[in-house]
Amino acid sequence: MKNVWDEHYLKNKSKLSYPDENLIRMLSRVKPPKLEALDFGSGSGRHIPLLLNHGFQVSASDSSVESVAQIKELSLPVAVHHTVSTPFPFSKNQFGLIVSWGVFHYNTKEVAKLMLAELVKSLAPGGYLLGSIRAITDTHLKINRGEMDLADLKGGYAETYSEKDLKEFLKPFATVEIGYSERTPLGRLEERICHWFFQAKK
């Protein structure tokens with residue numbers, strides 16, 4: 001799996017530079033108990049400048065060696081971690097905010113729960129997890145028994161979540177708010193790229 005993502009982040013199409021608009025809106029609504037944030041599964045690092053602009057002291061982590069290298073090349077004031085598996089190298093109650101955008105569904109649901117449990121421990125009381133996860137209505141990933149047939153991620157793994165799945169996944173949190181987004185790839189109106197996005201407060 002790691003090799004799939006290392007190859008992915010070597011491609012120009014993976015180098016996203018603009019933050020997700022849903023995350024921008026969500027950030028304006030929350031008041032974390034402390035201004036220390038983690039971008040978990042940071043990919044190309046597109047959300048790091050957004051977090052810095054909101055006044056956070058930022059840490060970033062990813063399982064891909066290539067992603068970690070690219071984030072370091074950005075020369076931003078951010079602590080970068082290579083997080084391949086649990087346990088993660090974060091302190092208890094370290095963060096007031098954790099962003100995990102499009103990460104959990106690229107793992108089995110069992111592994112995703114282990115990851116979430118680690119993140120919950122590192123989130124301060126009253127802190128927020130803002131994230132997105134692939135919805136069961138998605139047709140773009142072309143998942144066959146967990147393995148993806150999508151050209152640039154072929155051989156990688158993915159799961160999709162129903163609303164019930166997502167609510168069960170986020171049970172460790174005191175309050176949860178969920179939204180939904182759907183779009184089509186350009187020129188392929190028959191396909192659907194579908195995500196849940198969520199705000200979960202500890």
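The values are calculated or read from the model by the stated rules, or taken from the named source; none is laboratory data. Values in this document were obtained by computation on a predicted structure and should not be read as measured data. Counting neighbours? That spans all protein chains shown, and the Cβs are built from the backbone with ideal geometry, glycine included.
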Selection count, region 29-63, where residues are within 20 Å of SER91 (Cα to Cα) and part of a loop (DSSP other than H, G, I, E, B): 8
Residues of region 64-78 satisfying the condition of being loosely packed, with under 13 Cβ neighbours inside 10 Å and either touching a Leu at 6+ places or on another chain (Cβ under 9 Å) or not in a loop (DSSP other than H, G, I, E, B) (or both): GLU73, PRO77
Condition check for ASP39: among the charged types (D, E, K, R), crowded, with 21+ Cβ neighbours inside 10 Å and touching a residue at least 60 places away in the same chain (Cβ under 8 Å): yes
Test: residue in region 94-111 that is basic (Lys, Arg) and in contact with a Lys or Arg (Cβ under 7 Å, 6 or more places away or on another chain): no
Some residue of region 93-109 being over 26 Å from PRO49 (Cα atoms), assigned to a helix (DSSP H, G or I), at pLDDT 90 or above and of a type outside the set (S, T, N, Q): yes
Options ASP165, ASP152, ASP138: the member that is at pLDDT below 95 and assigned to a helix (DSSP H, G or I): ASP152
Hey, GLY96 farther than 26 Å from HIS140 by Cβ, of a type in the set (Gly, Ala, Ser) and out of contact with any His (no Cβ under 7 Å at 6 or more places or on another chain) or not: yes
